[in-house]
Every structure is written in C-alpha cells, then in structure tokens.
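Notes for the one structure printed next.
The values are calculated or read from the model by the stated rules, or taken from the named source; none is laboratory data. Fair warning: this is a prediction, and the values are worked out from it, not measured in the lab. Cβ coordinates were reconstructed from backbone atoms using ideal geometry, including for glycine residues, and neighbour counts include every protein chain displayed. Ligands, DNA and RNA are excluded from the accessible area calculation, which covers all protein heavy atoms including side chains. Shrake-Rupley method; radii C 1.70, N 1.55, O 1.52, S 1.80 Å.
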Amino acid sequence: QVDAFYASIILFAGRVWDAITDPMVGFFISKTSWTRFGRLMPWIMFSTPFAIISYFLIWFVPDISTGQVMWYLVFYCAFQTLVTCFHVPYSALTMFISREQSERDSATAYRMTVEVLGTVLGTAIQGQIVGKVDTPCIGSPFFFGLSNSSVAMEELNMTHDTESLTDTRNAYMIAAGVIGGLYVLCALILVLGVKERRESSELQSDEPVSFFQGLKLVMNHGPYIKLIAGFLFTSLAFMLLEGNFALFCTYTLGFRNEFQNILLAIMLSATLTIPFWQWFLTRFGKKTAVYVGISSAIPFLIAVVVLDSNLFVTYVVAVAAGISVAAAFLLPWSMLPDVIDDFKLQHPSSHGHEAIFFSFYVFFTKFTAGVSLGISTLSLDFAGYQTRGCSQPGQVNFTLKMLVSAVPVGLILLSLLLFKLYPIDEEKRRKNKKALQDLR
C-alpha cells in the first residue's frame, strides 16, 4: 500500500546505491588477504545470513503508520549490497578454480545452467504461492460513466484489496521464506563443495598495485570495454523481452491464463540448451556462437508480432526465444575469463584484479535490469496503461509490441556489431594460452 511515487523512489535509490556498491565490493575483495577458506569464500559465508534476513524484511509489512518508505528503502538497499557481496565473489570464482581455459568454460556452462534453472525455480515458487491469491482484473473505469477515472480505479482497488490484502501479505512472506531457505541451502553447497586455488589466478611474476591503478588499467583494456558494450545491449534486449512478456501475452495476445506456462517454456528451453551452446562454442568458437545464438531470436520475435494470435505459435516462439536466452546467458560470461587472461599478458606485473572485472560485469547486469524497468514503466504509462485492467487501450498494445519485438531486435543487431569489434577469436585464445603457460 505504498504510494506508487515513493515505490519508484525506493527502486531508483536502490539501483543508484547498487551502482556504488558493485565497484566498492570489488575494491574490498581485491584488498582481502587469503585465509584458510580462500579470499572469496569468506565474503559468501558472512553475507548469506544477513542477505536472508534483509530479503525477508523486504516482503514484511511493518505495523507502523509512518516510516514505511524508509523501512523498505533501508532493507532494499541492504539486500542489494549483501547480494553484491555474494554475487561478485561467486562470479569471480571461475578464475580461482583452474588455469585451463577449457575447464573455466565448462565451469561457466554449469554455473549458467543452474542459474537459469534457479530462475525457473524462483519464478515457479513465487508465481504459484502468490498466484493462488485471487486478484481479479478491474474493468474499464469509463464503464461507470465517471469523469475522473482515477477515482473509479481507486474505489475499485480499495474494494478488491480489502478482500485479499491479508492473504496476499501472507503469501509473499511464505514465498520469501521458501526462497530464503533455498538461498541458505545453495550457499552451504557452494562453501562446502568448492575450493579456491590461489595458484590458479596468479602468475609467478605478479607484483600488487593499488586499486585505483588497477581500476584504470582494467577500464582502459580495449577487449573488456568492447565485450561489456556488446553484453550491455544484449542484456537490455532480453530484459525488455522478459519484463514485458507477461503483459504482452495477457493483453496483446489474449492468453491471460497461459503466460506463466509460456514463461516456464522459455526458461526450461534455456536451461536445456545451455549444454548445446557449450558444445557449439567448443566446436566452432565463441564469436561464432555469439552471432548464431543471439541472432537466432530475431525471426521469432518478429513472427510473434506479425502473425495472428495463436497459442501454438506463441509456444514455438517461447521455446526459440529460450534457445537464444541460453546463448545470451552463457556466452558473455564464458568470454570474460579470456579477457582477463589477455589482460594478464599485457600487464604481467599487475594481479588481483579479477574481482574488479567481475564486479563491473555484475553491475552492468543490474544496470540493464534498472534501465529496462524504467523504459517499460515510462513507455506504458505514457501509452495509458491501466493497472490490473481487464483490457488496455490500443496504444498500450502497440507499445507492448515495440517492447517485446522491435526494440529488442534493434538492440540485438547493435550488440552483434559491437561483438564484431571484439578482438579475441579462437586463434588469439590459443596464442594467449601458450603465452601464459610460458610466463608461468
């Protein structure tokens, strides 16, 4: 029941704070001394319990008349910070478990497969628990002949919300508890099952430099900037598709009761095809896999808008989109260790910057989520979107078509042009591998 304006402020402030904490965590990790648990694992171990508490409190409704905005702002920012303390070292672990490029690629494939599977599981848990609470759609306010449509919507919202508010609050807290339990279980498996190897990331001739010198070196490394730029637009394309697909299915295609199953089809398709893309990049190279994998979504994104509403076609498009989502999940993360190896060859006297590379990569993932949220919200609001309406104006349907088809296709084409500039192909990878072996 927080006002929409304050809810937007909370989300915006949380994203800004998140942008600050990603490089900060990367800085502190780069300064962390090695312990008997490693350099990264202590961050994961100590952030987990506090992350669970802050996550649960995001979904808790405090019994206070004032201060709710501050409550959610504090715990939303706290949760973003604690997830960063988990995700940055977790992502950087790839560089600390092996020196071999093939083993790092394999580890990345396993990691991204389970991340997509986790997304499926989280979507299913949240959707099924919260979805059982009946929140019926609201008819057009013009039906009531009221000149002030916002007053009509407010009265209807109050009627429906009063009936289901308690059940909805309980459902969100139950879902938060279940997901929090999974968080703890997976963190335990990670801590007990993975061991860092200090020698995997460091060269014998390494000499440490300051963080700010390292940051300047990292951000001036051409292959890293080109990879991040391509990754940014690819992520934004798929975030826009993901964020608006439920509304597109509900209002534009008319499949109000099917969108959860369609979303599940996308994520299951992505999970099952990551091993295929791992084989493909091993056989044909990573740049070829990027071109084929990400561009394969384009004809299907066009088809779902151009063709008449058809449930079978929609499922076919969902499966095809999942195949491209798998490539978009796997390939940029698989290419990042190659960039770090290339950096080490160019700067053999500088080490300990893996966390900086990964922290900015994590930041751009979150940044694209925030940008896509802002683009979608502003576009739909400008088009006249009615919250929880049974139907939407024609401008909203047109806007949804743009957000799930035209804009993602344009962003994908732009990202492919940027990946064309990425200089590390298979021949360059082999030369780097041999040079690193000689340097060690």
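For S102 and T377 in one chain, what is 0.36 nm times their gap in residues minus the Cα-Cα distance, to one decimal in nm? List each step's numbers first, then the result.
Working: separation 275, 0.36 × 275 = 99.00 nm, distance 4.16 nm.
The span from S102 to T377 would gain 94.8 nm if fully extended.
Give me the angle, in degrees from 0 to 90, between the Cα long axis of helix 222-247 and the longest principal axis of the Cα atoms of the chain, rounded to the nearest 10.
Long axis of 222-247 versus the principal axis of the chain: about 20 degrees.
Using the charge dipole of the stretch 209-439 (Lys, Arg: +1 at Cβ; Asp, Glu: -1 at Cβ; taken about the Cα centre), state which of V218, L330, A289 has its Cα farthest towards the positive end.
V218
Give the Rg/Rh ratio for the stretch 220-283, taking Rg as the radius of gyration of the Cα atoms and Rh as the Kirkwood radius, to two decimals. Display every interim value, and only then the final one.
Details: Rg = 16.2 Å, Rh = 14.2 Å.
We get a ratio of 1.14 for the stretch 220-283.
Relative contact order of the chain: what whole-number percent is it, with Cα pairs under 8 angstrom and at least 6 residues apart?
Relative contact order for the chain comes out at 26 percent.
Below 8 Å between Cα atoms, with a sequence gap of 6+, how large is the relative contact order for the stretch 209-439 in percent? Each step should come with its number before you reach the end.
Working: 241 pairs, mean separation 91.4, N = 231.
Dividing the mean separation by the residue count of the stretch 209-439 yields 40 percent.
If I stretch the segment between A246 and V191 completely, what's the gain in nm (0.36 nm per residue apart, minus their alpha carbon distance), one decimal?
Length gained, A246 through V191: 16.2 nm.
Could you give the length gained by full extension between F50 and Q213, i.e. 0.36 nm per residue of separation minus their alpha carbon distance, to one decimal place?
My answer for the length gained is 55.5 nm.
In whole angstrom, note down how far apart the Cα centers of the stretch 44-107 and the stretch 402-437 are.
What the calculation gives is 29 Å, centre to centre.
Once amide H atoms are placed 1.01 Å from N in the peptide plane, what residues at a sequence separation of 5 or more from G389, or on another chain, have their amide H within under 5 Å of its amide H?
I138
Taking only protein heavy atoms and a 1.4 Å probe, what accessible area per residue, in Å², does the chain have with all protein chains in place?
48
I'd like the accessible area for L263, computed on protein heavy atoms only with a 1.4 Å probe and all protein chains in place. Round to 10 Å², please.
50
When the Cα centres of the stretch 342-399 and the stretch 1-40 are compared, how far apart do they sit, in Å?
The stretch 342-399 and the stretch 1-40 have Cα centres spaced 16 Å from each other.
Of all accessible surface on the stretch 209-439 at a 1.4 Å probe, what whole percent is carbon and sulfur?
68
Using just the helices of the chain, give the 222 nm mean residue ellipticity in deg cm²/dmol: DSSP H runs with n ≥ 4 each add -39,500 (n - 2.57), and the total is spread over all residues, rounded to 500.
Values: 16 runs with 333 residues, N = 440.
Rounded to the nearest 500, it is -26000 deg cm²/dmol.
Based on the alpha-carbon gyration tensor of the stretch 27-117 and its eigenvalue square roots a ≥ b ≥ c, which shape applies: rounded if a/c is under 1.5, prolate if not and a/b is larger than b/c, or oblate?
Verdict is prolate for the stretch 27-117.
Roughly how many nanometres apart are two label points built 7 Å out from the Cα toward the Cβ at S164 and L345?
Result: 5.8 nm between the two label points.
Rounded to a whole number, what % of the accessible area of the stretch 1-112 do carbon and sulfur atoms account for, probe 1.4 Å?
The nonpolar share, carbon plus sulfur, comes to 72 percent.
By how many degrees, between 0 and 90 and to the nearest 10, does the Cα long axis of helix 4-30 differ from the longest principal axis of the chain?
With rounding to tens, the tilt is 10 degrees.
For the pair K428/R256, report the inter-label distance in nm, with labels modelled 7 Å from Cα in the Cβ direction.
Distance between the two pseudo-spin positions: 5.2 nm.
Any idea what angle helix 41-58 forms with the longest principal axis of the chain, computed on alpha-carbon atoms, 0 to 90 degrees, nearest 10?
It works out to around 10 degrees.
What's the magnitude of the charge dipole for the chain around its Cα centre, counting Lys and Arg as +1 and Asp and Glu as -1 at the beta-carbon? Answer in Debye, nearest 20.
1400
Could you give the dipole magnitude of the stretch 209-439 about its Cα centre, charging the beta-carbon of Lys and Arg +1 and that of Asp and Glu -1, in debye to the nearest 20?
Computed charge dipole of the stretch 209-439: roughly 420 debye.
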